[in-house]
1. For Cα pairs less than 8 Å apart in space and 6+ apart in sequence, what is the mean separation divided by the residue count of the chain, i.e. the relative contact order in percent?
2. In nm, to one decimal, how far is the modelled label at GLU45 from the one at VAL14, with both set 7 Å along Cα→Cβ?
3. Based on Cβ point charges of +1 for Lys and Arg and -1 for Asp and Glu, what charge dipole magnitude is obtained for region 47-151 about its Cα centre, in debye rounded to the nearest 20?
4. Sum up the charges of everything whose Cβ sits under 9 Å from the Cβ of TRP109, counting Lys and Arg as +1 and Asp and Glu as -1, but leave TRP109 out.
5. Towards the positive end of the charge dipole of the chain, with charges on Cβ (+1 Lys, Arg; -1 Asp, Glu), say which of ILE66, HIS160, GLN23 has the farthest Cα.
6. Determine the dipole magnitude for region 34-258: charges of +1 sit on the beta-carbon of Lys and Arg, -1 on that of Asp and Glu, nothing else is charged, the reference point is the Cα centre, and the result goes in debye to the nearest 20.
7. How large is the helix-only mean residue ellipticity at 222 nm for the chain, computed as the sum of -39500 (n - 2.57) over DSSP H runs with n ≥ 4, divided by its residue count, in deg cm²/dmol to the nearest 500?
8. Taking the number of other C-beta atoms within 10 Å as the exposure measure, put CYS233, CYS55, CYS19 in order starting with the fewest.
Amino acid sequence: MFPPPEDAEQRRAVAPVVCYPTQTLPRPDLNGYRAARDTGRKISETLVPARDAACFTVKAGHFFRITSVDGPQVGDLNLWNAGDLSERFYSGKTRALHGTHITTGDRMWSSFPHLRPMATIVEDTLDWYGIDPFGGSVHDVIGTRCDPYTGNLLSGTHYHHCCHSNLTRALADHTGLSLAEAEPHVHDVLNVFMCTGFTRDTGQYFMKASPVRPGDYLEVFAEIDLLGALSACPGGDCSSEHSSDTAACHPLLVEVFAPADGTLPGWSQPPVNGYDRSHGR
Ligand SMILES: [Zn+2]
């Protein structure tokens, strides 16, 4: 609508500045976590059925691993403080701190006023993928979660096995909350194994077939007591569509491991954020 000003190219040429330099963030002791993990003993496993979700719990100081089994499949992950559902994964702030996709060494941060690491990624067998020529990468914190409301908005459908509904049912079943009570606790996800980006020309969110193969996994250290919910997305490997039953879908495996006592000598649960919350009053 408006003609570019004379200095348009100069303005476009200004170099970007990273919003949140992370040099001052406490660094996770990955070698310490791995040494503890090497002593780990499996204490539970949950098979998340295709086009459905399941909850699992992980004690602070334990590890959970999400593994692709049977065939390429992406998962939508929610995390809550197991003792307080109001503290939950904050994908937007995690994105602001670590970038659009997260991998080994990145943390999953919790909502205000807590804003502390809930979990730390300690291993990612897809860390070789990097950023592809389309700008796509794996394990994004840019998508929301597939949901029946957007499907209804765009095409008038009532599809009940989107990740949002799967997560809502799983949380209701686990907690005893009604569906209506559980639904507001469901939040934007970590898209495990999903390959996504933004189109360079229009800036639109895109997905493409996930590079995940059976045996690939993402392993995560629980910094606080966690309740997790994982949905095996109806999009399958998300190569074509979601929000329908047409894509080939597979289960996902969640395993929880407890390290031997005394193997995390320097670690303690992160405290909640130190801001005094007076907000200028
Ligand atoms: Zn989904």
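Taken together, the values in this text are just the output of simple stated rules run on the coordinates, not laboratory data. Source: prediction; values computed, not measured. Note that each Cβ is placed from the backbone with ideal geometry, even for glycine, and that neighbours are counted across all protein chains shown.
1. 35 percent
2. Roughly 5.5 nm, to one decimal.
3. Roughly 340 debye for region 47-151.
4. With Lys, Arg at +1 and Asp, Glu at -1, the neighbours total +3.
5. Highest projection toward the positive end goes to GLN23.
6. Dipole about the Cα centre, nearest 20: 320 debye.
7. One gets -4500 deg cm²/dmol as the mean residue ellipticity at 222 nm.
8. The most exposed by this proxy come first: CYS19, CYS55, CYS233.
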